[in-house]
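Undergrad: A single structure is presented below for examination.
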Amino acid sequence: MRTAALVSWIFLTAVCARGANLAPENETHGDIEVGVVLDRAEQTGRASATVRIHAGREVVWSLITNCADALRMVPGLVDCEVLQNAPDGSWQRIRHVLDYSWFVRKLTYEILATYDKPAEVSIERVSGDLSTLKVSWNLKSDGDYTIAKYKIDLAPGFWVPHWLVRGALKRDLPKMLRALRSRAESVAIQPN
């Protein structure tokens, strides 16, 4: 259940990156930095984002690696299922179903998530509706804060309306990171 949330965030970010402008874009959405680079044909892209969260790495880690939290925070994620777990917890194989918009068909894909708790998560597409999907999360402690860095490389392998992608990138990626921050900060202040 851990990686499902991460994978969903990755796919949405990837879909957004595909339709953005061809030139590299770096934007700040308040306190969230987002950068996008696309190829000339707008068929592949990379995106990165950084957010500062007033919570420890363990709290943030538990949220980005949990299916139940992903379903609450990731727009369009309708199913998240852990298919296989490593005996030592170092990886998971996860299936996601994303129904983002009526403009884009429902997507089903499987990923392999590898973990270096509580610092890094790496995700790579194993099968399904995406051509390429590589994602990473890097969590660094900064006193009482966690700096969460997110990177994605994506090639959907199908056409997505450019306005939908641009809108998702400009609104939904920062929105998801704010939801992560809000949830992490509310969990961090709850009494034990």
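Undergrad: Run the simple label-point estimate for Arg171 and Trp102 please: 7 Å along Cα→C-beta, distance reported in nm.
TA: 1.6
Undergrad: May I ask you to rank Lys175, Lys149 by accessible area, largest first, using a 1.4 Å probe over the protein chains only?
TA: So the residues, ranked largest to smallest area, are Lys175, Lys149.
Undergrad: Determine how large the accessible area of Trp61 is when every protein chain is in place; take a 1.4 Å probe and give Å² rounded to the nearest 10.
TA: 10
Undergrad: Can you give the percent of C-alpha pairs in region 41-83 whose distance is more than 13 Å?
TA: Summing the P(r) of region 41-83 above 13 Å gives 69 percent of all pairs.
Undergrad: Lys and Arg at +1, Asp and Glu at -1: add these up for the other residues within a Cβ distance under 11 Å of Asp99 and post the number.
TA: My count for the surroundings of Asp99 gives +1.
Undergrad: Probe radius 1.4 Å, ligands and nucleic acids left out: which of Asp79, Asp69, Asp88, Asp31 has the largest accessible area, and how do the rest follow?
TA: Asp88, Asp31, Asp79, Asp69
The values are calculated or read from the model by the stated rules, or taken from the named source; none is laboratory data. From a predicted model like this one, the values you see are computed outputs, not experimental measurements. Please note: Cβ atoms are built from the backbone with ideal geometry, for glycine as well, and neighbour counts cover all protein chains shown. The area values use the complete protein model at the heavy-atom level, side chains included, leaving out ligands, DNA and RNA. Shrake-Rupley method; radii C 1.70, N 1.55, O 1.52, S 1.80 Å.
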